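Data block below; observations after.
We did not get these values from a lab; they are worked out from the coordinates using the rules stated. None of the values given here were measured: they were computed from a predicted structure. Note: ideal-geometry Cβ built from the backbone for every residue, glycine included; neighbour counts use all protein chains shown.
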Amino acid sequence: MTNMRFLTYLAAILVLFTGVSGSTAPGARGTLAVQGLLDRQVAAWNRGDLDGYMAGYWKSDQLNFFSNGKKTMGWQPTLDHYRERYQNNKNGMGKLTLKVELEQLDEDLVLGRGEWSLIMPDGSTPHGLTTLIVRKLPEGWRIVHDHSCSD
């Protein structure tokens, strides 16, 4: 790992544990682009388009998805998780709301912290917290790490 990458990851860890604002982060261009990515994901989810939703994730075996104590590695296993949990069950995908505060840590790294909630067809309302690490890749901004839990 290069020194610059190490410093970037160290900054991300400090932000997570201390809540320090990234006032030296290079502008907000990344946060605007990432907000657009997240908005497209929510729109895809709400129209039942799981493939469109998954377009926001890094299509790599190195994608990290942590959910309720389970670690999933890779884009395809993450898609399989969503299919099993939401698409292939009788209750469907529901309507997603996502409220995430974004902070640009460097020119190609954005940290997101926030809340998600669903309104399901049966009237249930699962909700929880999420932490996202979004990186600017050659194909554009993509989620490389998603840690989501439900209440």
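Being part of a helix (DSSP H, G or I) and in contact with an Asp or Glu (Cβ under 8 Å, 6 or more places away or on another chain) is the filter here; which residues of region 80-97 pass it?
Pass one, region 80-97, residues part of a helix (DSSP H, G or I): 80-87.
None - no residue of region 80-97 is part of a helix (DSSP H, G or I) and in contact with an Asp or Glu (Cβ under 8 Å, 6 or more places away or on another chain), so the list stays empty.
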Q | Residue in region 98-127 that is surrounded by the fewest Cβ atoms within 10 Å (Cβ to Cβ), counting only those that are over 20 Å from residue 34 (Cβ atoms) and not polar (S, T, N, Q) | A | 123
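Residues are listed down the side, and each one gets a yes or a no for (1) touching a Leu at 6+ places or on another chain (Cβ under 8 Å); (2) in a strand (DSSP E or B); (3) of a type in the set (Val, Ile, Thr):
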{"position": "42", "(1), (2), (3)": "yes, no, yes"}
{"position": "52", "(1), (2), (3)": "no, no, no"}
{"position": "61", "(1), (2), (3)": "no, no, no"}
{"position": "99", "(1), (2), (3)": "no, yes, no"}
{"position": "112", "(1), (2), (3)": "yes, yes, no"}
{"position": "132", "(1), (2), (3)": "yes, yes, no"}
Q. What is the one condition in (1) in a helix (DSSP H, G or I); (2) of a type outside the set (Val, Ile, Thr); (3) in contact with a His (Cβ under 9 Å, 6 or more places away or on another chain) that residue 118 does not satisfy?
A. (1)
(Q) Going by what's in this entry, would residue 68 be described as loosely packed, with under 13 Cβ neighbours inside 10 Å, among the polar types (S, T, N, Q) and in contact (Cβ under 8 Å) with a residue 12 or more places away in the chain? (A) yes
(Q) If a residue must be in contact (Cβ under 8 Å) with a residue 60 or more places away in the chain and of a type in the set (A, V, I, L, M, F, W, C), how many such residues does region 92-131 contain? (A) 7
